[in-house]
Amino acid sequence: MRASEGAGWRVAVNAPRALAVALHLRDLAGVTHEASPALPPAAPSVERDHHVRGGAELDAEWNAWWGAMLPRSAEALNPLHLHEAMPPADAPALRTLLTTQGERARAWAGERMRAHVEAMMRQPLPVLEIVQAVEREQGRPTRPFTVRVDEVPVAGIGAWAVNSTHLLVSSDLLRNREGFVEALLPVVERLA
């Protein structure tokens, strides 16, 4: 996790492996993504495995799992760890999928995590610049705030609000300086 902080504010940027695993399994099994926020296909793409049995039961279990991993409370800002994101015991189809395909999904997610770390080391995010611009615009220091930004490995450039202090952003958006500023600036303006 990368965090930028100042006097009373913090923006934490992470690439939770658990979300990447979930997205890999979603695309591998052909799950219909109905939970909010609904995201585009994984990137790099995950080929649908027609040997993996999906269906309504798996769809419902996966969507409940996805929703549980994304707390709607603005206070739920702790980073998500893979061991904390296990499907519940009452999700047998999802647990079977994770048992049979989990190693493959975790390997794919690990590659996404390495790409995230490399990208953050190559090009730091302009978080401090965004906060300073808001302070100049408002003519005062920001009020205390915390924002969580989670990178999700999905196709295209996009940002999705989970709640007022939590954004999901695509890998391409996170690596696009202008796009990242455009996504984070209104969040900081509203909270500052």
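The values are calculated or read from the model by the stated rules, or taken from the named source; none is laboratory data. The structure displayed is predicted, hence computed values, not measured ones. Using ideal geometry, Cβ is built from the backbone for each residue, glycine included, and neighbour counts are taken over all protein chains shown.
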Is it the case, given these coordinates, that ASN78 is at pLDDT below 90, within 15 Å of the chain's Cα centre (by Cα) and among the polar types (S, T, N, Q)? yes
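For the range 123-190, please list each of the strands (runs of 3 or more DSSP E) lying entirely inside it that holds at least 3 residues being surrounded by 14 or more Cβ atoms within 10 Å (Cβ to Cβ) and touching a helix residue (DSSP H, G or I) at 6+ places or on another chain (Cβ under 6 Å).
Filter on the range 123-190 gives 145-152.
Just to be sure before I move on: is ALA35 more than 18 Å from GLY110 (Cα to Cα), modelled with pLDDT under 95 and either in the same structural domain as ASP150 (by TED's automatic domain parsing) or part of a loop (DSSP other than H, G, I, E, B) (or both) in the structure I sent?
yes
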Exclusive hit being at pLDDT 90 or above and not hydrophobic (A, V, I, L, M, F, W, C), set ARG53, ARG112: ARG112
Odd one out for LEU97 among (1) in contact with a Leu (Cβ under 7 Å, 6 or more places away or on another chain); (2) part of a helix (DSSP H, G or I); (3) free of Cβ contacts under 8 Å to residues at least 60 places away in the same chain: (3)
Output for the range 156-192, where each listed residue is among the aromatic types (Phe, Trp, Tyr) and within 19 Å of GLY8 (Cβ to Cβ): none
Of all residues making up the range 159-188, the number that are more than 15 Å from the chain's Cα centre (by Cα) and closer than 14 Å to GLU129 by Cβ: 6
